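*Asks:* Below you will find the structure I want to go over with you.
Coordinate-derived values only; no laboratory data. Note that this is a predicted model, so its numbers are computed, not measured. Quick reminder, even Gly has a Cβ in these numbers, built from the backbone with ideal geometry, and neighbours come from all protein chains shown.
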Amino acid sequence: MREGQTSVIHRSDYQEPAFWIDSVDLCFDLDPAKTRVLNKMKMRRNPHVVPQALRLDGEELNLSRVLVNGQGTSFKMEDSQLVLENLPAGNDVFELEIFTTCAPAKNTKLSGLYTSGDSFYTQCEAEGFRRITYFLDRPDVMASYTVLLRADKSKYPVLLSNGNLVEQGTLDDGRHFAKWVDPFKKPSYLFALVAGQLVAREQRITSRAGKEHLLQVYVRPGDLDKTEHAMNSLMASVAWDEARFGLSLDLERFMIVATSDFNMGAMENKGLNIFNSKYVLANQATATDTDFGNIESVVGHEYFHNWTGNRITCRDWFQLSLKEGLTVFRDQEFSMDLASEASARAVKRIEDVRVLRTAQFPEDAGPMAHPIRPDQYLEINNFYTVTVYEKGAEVVRMQQTMVASGPSDPLGREGFRKGMDLYFQRHDGSAVTCDDFTQAIADANPDSKLAQLLPQFKRWYSQAGTPRVKAVGSFDGASGTYSLTLSQSCAPTPGQAVKEPFVIPISLGLISADGSEVASSMHVLTQESETLTFTGLQAEPVPSILRGFSAPVILDFAYTDEQLLALLEHDTDPFNRWEAGQRLALNRMMAFISQDALAVADMKLDARYIEAMRSVLRHPKLDAAFKELALTLPSETYVAEQLDVVDPQRIHAVREALRAQLATALHADWEWAFEAHHENGAYKPDSLSSGRRALTGLALAMLCIAARTSGDTVWPGKALQRFKDAGNMTDRFNALAALVTSGSDLAAQALQRFHAMFKDEALVIDKWFALQAGATDRGGNILPIVKQLMTHPDFSMRNPNRARSVIFSYCSANPGAFHRADAAGYVFWSDKVIELDAINPQVAARLARALDRWKKLAEPMRSAAREAIARVAAKPDLSNDTREVVTRALS
Ligand code: ARG
Ligand code: ZN
């Protein structure tokens, strides 16, 4: 039988809790089969709420005792809540003592207290604490925690919880204990404990403010040689938050712990962050440059939560973007500031926008569309989304942009800093709403555009959907006037038929025929339609609109090839320079896709496009990382979003064909790029050298792809050699991927060798699985490969990273292979969703999202997909998580 609520929760139903919990005293006797938890709380009634029964949340707990002020009391159970009706009247503090047990080793949901290997970990956000003890498991109930951990000393030598270690010692029977006190009040979702055989890299630091702190990164013995980068990232995070926001570390000790079983990326528990090992462990032999970059940003993200999330938290889960959107914005800025060179900042911006457009835009256009501050949910875990996170970060970024005060603060950084200062002045130590945040930013900048437009700006929090901005230019030669009409619209989303106009900051530039910039400005679009005029122009300029992607919108402008080529060559804004190249490619892909009768062999790229790409590749000034981005064709998912009816195999075939032509037509240039950029010196993960590796990786892949057409054996041979000799994982994996992607005969032996080399490195084996499940489909061969991989001794459905590496890499990241006319991909998907749902609903519900966009599919895929979703939905006993996703998909 399922436990917990099964009905939808609404934001508008928020009420203060009827009781407050001042302090919690927890005592754990840790045992994988049966852990005993004694929870003593000091509680009182909330005087603002009418007297009522106390209802404590609980899930999969065995209750053995309840005492009020030391006395037995009557209680009842209602929908898995523990209900106490006979509590003392009045507003005095009383003590509630609850004794329960739970079974961490059986906890395959990885929410609450669970075991991974031989250690204990917790994950409490959003509602995992109720799986540890009965509690008011909601973020606006903030309490002081004291935690006593007891466990077998030889099996669990390390015992950690939030805050400071105040006492430790030995007990009878080979057991020991540790007592932790967290000096800060916190909501239950920030509670954590870890127990096991772990070792730590340690670093003592002195903050700007002169305080001493101990930083620790805990991992399994044997993994210490993979912790240096995480520690460096943590030190950089501490320094950055002090420098940019004046926010210092408020704890004597700050710990990061890595676990290989984790549902998400990482968790910001106060003073004891718990991470998916994927975002901690790295050295040059096992991790790619992408891994290094991800570790830097996730370590930063969790550390920055200490202020934006922990010191000021969310009043309720509808406010999730208050901490997540803001903290993603902060981690993006952190990575950009660390990248220092302007070009590397731009590369990071392009990468972030690419994520937004390929993952968030489809979400915003599909059945799960929701505002960054949702109005309802069945299961909150389904709302840890790219919308709440990445679109939420864009909404914070726009607020920074809109408090810019002219030349002295063009980007709005200073104004935004003032707003953040006021936010902390007003709300430190409390649980607040998104409205409180925007109000603080606006109030600190009373003369800003943001303050003037605040009520309308807030529509970004309440309206779902991606706005579309249509721009039309016209030039009047006689008066030298260029007018640009900007109109906005937003398609309906589930539950929101009509949208009111948004506030859209649009960064603009005009480029003249000779390539010089003749105007640049920031325009804030507030009406449905507005016309801007620019005077004193000699000739029709090319508009560079939405520079730096200044707002999360779709920009429609009927650019000609000439205009795009001009922007690609001359735009001073690197984002739009990249975007011009993407538009050139997209226009061609769309044209080929739409000509139904056109055979793939007859899709010929024009010389103009090829020459433009050649000049980007050979450009003396552009750096390698930018070139790699510019020479990569728009993804299949992004192309699919531009179409009303989607045939994923057609998109795949077109993209493959164009890529092969770029490979062949630029053969000599790819050779040059490979030779000119590959380096044999010591590995450094900085942005310049990682950019060079990215470009050599692309060049090698293109050369292997070209070899497939020409029959050349030299480049595949070189790729194999490089795979064998590589001094780091980036080069090694790129070489392996080049062989696999191009379908080379040498791929099989390289894959085998790769597995043998890294059989004891779980994170590398994940890459090995993912590469094969995500490989180019050739005649429907990938699904059988995926099924085969799932019988491999290293495969496990229970480990989320491993399940994702095979199943998600196929269903979510390999559209050309997944969307089969025979529906076998969908049947596989429904089997796996159902199978995973019984083990881990959060992971299952993510997989369920792979068919979000089924309504756009061409027949017969569309009907087959609906049938597969209906099959999942028909399963009785589905978790709330998966049920919510499939129900919305079918509605
Ligand atoms: N707060 C975490 C982070 O973004 C994510 C936790 C998500 N957990 C979940 N069960 N949905 O850093
Ligand atoms: Zn977060």
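*Asks:* Under the rule a/c < 1.5 gives rounded, and otherwise a/b versus b/c splits prolate from oblate, where does the range 312-461 land using the Cα gyration tensor?
*Replies:* Oblate shape, in that a/c is at least 1.5 and b/c is the bigger or equal ratio.
*Asks:* Distances longer than 16 Å among the Cα atoms of the range 658-711: what percent of all pairs is that?
*Replies:* 41
*Asks:* Using Cβ counts within 10 Å as a stand-in for footprinting exposure, how do T227, T73 rank, fewest first?
*Replies:* In increasing order of surrounding Cβ atoms, one gets T73, T227.
*Asks:* On to the next question. Taking the Cα centre of the chain as the origin and placing charges on Cβ (Lys, Arg +1; Asp, Glu -1), which of Q456, A748, L484 is farthest toward the positive end of the dipole?
*Replies:* It is A748.
*Asks:* Which far-off residues, 5 or more places away or on another chain, put their amide H under 5 Å from the one on C314, with H placed in the peptide plane?
*Replies:* V432
*Asks:* Another question about this same structure. Mind listing the long-range amide H neighbours of D31? Cut-off is under 5 Å, sequence gap 5 or more, other chains count too, H placed in the peptide plane at 1.01 Å from N.
*Replies:* R36
*Asks:* Return P(r) of the range 437-496 (all Cα-Cα pairs; 5 Å bins starting at 0; whole %; ordered from short to long distances).
*Replies:* All Cα pairs considered, the percentages come to 4, 15, 15, 13, 13, 16, 12, 8, 4, 1.
*Asks:* Using only the C-alpha atoms of the range 1-112, find the volume of their convex hull and express it per residue in Å³.
*Replies:* Expressed per residue, the convex hull around the Cα atoms of the range 1-112 is 130 Å³.
*Asks:* Normalising by the residue count of the range 312-461, find the relative contact order in percent from Cα pairs under 8 Å and 6+ residues apart.
*Replies:* 31
*Asks:* Here is a further query. What fraction of the DSSP beta bridges in the chain is antiparallel, stated in percent and rounded to the nearest 5?
*Replies:* Taking every DSSP beta bridge within the chain, about 80 percent pair in antiparallel fashion.
*Asks:* Please list, in order along the range 438-444, the HN-Hα scalar couplings obtained from phi with the Karplus expression 6.51 cos²θ - 1.76 cosθ + 1.60 (θ = phi - 60°), rounded to whole Hz, x for Gly and Pro.
*Replies:* Calculated HN-Hα couplings, in order: 4, 4, 5, 4, 5, 4, 6 Hz.
*Asks:* Once the Cα atoms of helix 880-890 and of the chain are each reduced to a long axis, what angle between those two axes, in degrees from 0 to 90 to the nearest 10, is obtained?
*Replies:* For 880-890 against the chain, the angle is about 40 degrees.
*Asks:* If you don't mind, there's one more thing I want to ask. Provide M41, M264 in ascending order of the number of other Cβ atoms located within 10 Å of each residue's Cβ, fewest first.
*Replies:* Listed from fewest to most nearby Cβ atoms, that is M264, M41.
*Asks:* Enumerate the amide H contacts of V524 below 5 Å, restricted to partners 5 or more residues apart or on another chain; note that Pro and chain-start residues carry no placed amide H.
*Replies:* I506
*Asks:* Separate question: Could you derive backbone 3J(HN,Hα) for the range 872-877 from the dihedral phi with the Karplus parameters 6.51, -1.76 and 1.60 (θ = phi - 60°), listing whole Hz in sequence and x where the residue is Gly or Pro?
*Replies:* Listing the rounded values in order: 5, 4, 6, 5, x, 6 Hz.
*Asks:* Where nothing but the Cβ of Lys and Arg (+1) and of Asp and Glu (-1) is charged, how large is the charge dipole of the chain around its Cα centre, in debye to the nearest 20?
*Replies:* Here the chain has a charge dipole of around 1140 debye.
*Asks:* Taking Cα pairs under 8 Å and at least six residues apart, what relative contact order does the range 492-583 come out at, in percent?
*Replies:* 28 percent.
*Asks:* What is the distance in Å between the Cα centres of the range 623-640 and the range 485-535?
*Replies:* A separation of 25 Å, based on Cα centres.
*Asks:* Rounded to the nearest 500, what is the chain's calculated 222 nm mean residue ellipticity when only DSSP H runs of at least 4 contribute -39500 (n - 2.57) each, over all residues?
*Replies:* Helix contribution divided over all residues of the chain: -11500 deg cm²/dmol.
*Asks:* What whole number of Å gives the distance from the Cα centroid of the range 125-186 to the Cα centroid of the range 832-891?
*Replies:* Between the Cα centres of the range 832-891 and the range 125-186 lies a distance of 38 Å.
*Asks:* Quick one: helix 228-245 against the long Cα principal axis of the chain, what's the angle to the nearest 10°, folded into 0 to 90?
*Replies:* Once rounded, the angle reads 90 degrees.
*Asks:* Sort out for me the Cα centre separation of the range 277-351 from the range 744-760, rounded to whole Å.
*Replies:* 33
*Asks:* Quick one: net charge of Q456's neighbours, Cβ under 13 Å, K/R +1, D/E -1?
*Replies:* +2
*Asks:* May I ask for the Rg/Rh ratio of the chain, computed from Cα atoms with Rh as the Kirkwood radius, given to two decimals?
*Replies:* 0.96
*Asks:* Same structure, new question: Report, to the nearest 10°, how far helix 687-710 tilts away from the longest principal axis of the Cα atoms in the chain, using its own Cα long axis and a range of 0 to 90°.
*Replies:* Its long axis makes an angle of about 60 degrees.
*Asks:* Calculate the radius of gyration of the Cα atoms of the range 587-745 to one decimal place, then report Dmax, the largest Cα-Cα distance, as a whole number, both in Å.
*Replies:* 16.2, 52
*Asks:* How charged is the neighbourhood of S544? Take every other residue with its Cβ under 13 Å from the Cβ of S544, and add Lys/Arg as +1 and Asp/Glu as -1.
*Replies:* -2
*Asks:* Taking the mean number of other Cβ atoms within 10 Å as a proxy for protection, how do you rank 857-867, 687-697 from highest to lowest?
*Replies:* Packing proxy ranking, top to bottom: 687-697, 857-867.
*Asks:* As a quick test, which of the pairs K391/K449; K34/K211; K278/K499; K604/K787 have an alpha carbon distance above 30 angstrom in this structure?
*Replies:* Long pairs (Cα-Cα over 30 Å): K34/K211; K278/K499; K604/K787.
*Asks:* Given +1 on the Cβ of Lys and Arg, -1 on the Cβ of Asp and Glu, and no further charges, what dipole in debye does the range 1-155 carry about its Cα centre, rounded to the nearest 20?
*Replies:* The calculation lands at about 340 debye.
*Asks:* Would you be so kind as to identify which of L695, A719, H301 lies farthest towards the positive end of the dipole of the chain, taking Lys and Arg as +1 and Asp and Glu as -1 on Cβ and the Cα centre as origin?
*Replies:* A719
*Asks:* For the range 467-558, with the dipole built from +1 on Lys and Arg beta-carbon atoms and -1 on Asp and Glu ones, taken about the Cα centre, which of F475, T531, T493 lies farthest toward the positive end?
*Replies:* Of the listed residues, the answer is T493.
*Asks:* OK, next. Explain nothing, just compute: Karplus ³J(HN,Hα) = 6.51 cos²θ - 1.76 cosθ + 1.60, θ = phi - 60°, for every residue of the range 661-673 in order, whole Hz, x for Gly and Pro.
*Replies:* 5, 4, 5, 6, 5, 9, 3, 5, 6, 5, 4, 4, 4
*Asks:* Over all alpha-carbon pairs of the range 393-482, lay out the pair-distance distribution in 10 Å bins, whole %, shortest bin first.
*Replies:* Pair shares across the bins are 15, 39, 25, 14, 6, 2, 0.
*Asks:* Now a separate question. Sorted from fewest to most neighbouring beta carbons within 10 Å, what does the list F534, F254, F818 look like?
*Replies:* Listed from fewest to most nearby Cβ atoms, that is F534, F254, F818.
*Asks:* Excluding D92 itself, what net charge comes from residues whose Cβ is under 10 Å from its Cβ, given Lys and Arg +1 and Asp and Glu -1?
*Replies:* +2
*Asks:* Determine the dipole magnitude for the range 467-558: charges of +1 sit on the beta-carbon of Lys and Arg, -1 on that of Asp and Glu, nothing else is charged, the reference point is the Cα centre, and the result goes in debye to the nearest 20.
*Replies:* Around 280 debye, computed over the range 467-558.
*Asks:* Once Rh for the range 467-558 is found with the Kirkwood sum over Cα pairs, what is the Stokes-Einstein diffusion coefficient at 4 °C and 1.567 mPa s, in µm²/s?
*Replies:* 93
*Asks:* Based on Cα coordinates alone, diagonalise the gyration tensor for the range 9-197, multiply each eigenvalue by 5, take square roots, and list the semi-axes in whole Å, largest first.
*Replies:* Largest first, the range 9-197 gives 29, 17, 16 Å.
*Asks:* Once a ≥ b ≥ c are taken as the square roots of the eigenvalues of the Cα gyration tensor of the range 792-891, is the result rounded (a/c under 1.5), prolate (a/b larger than b/c) or oblate (a/b not larger than b/c)?
*Replies:* oblate
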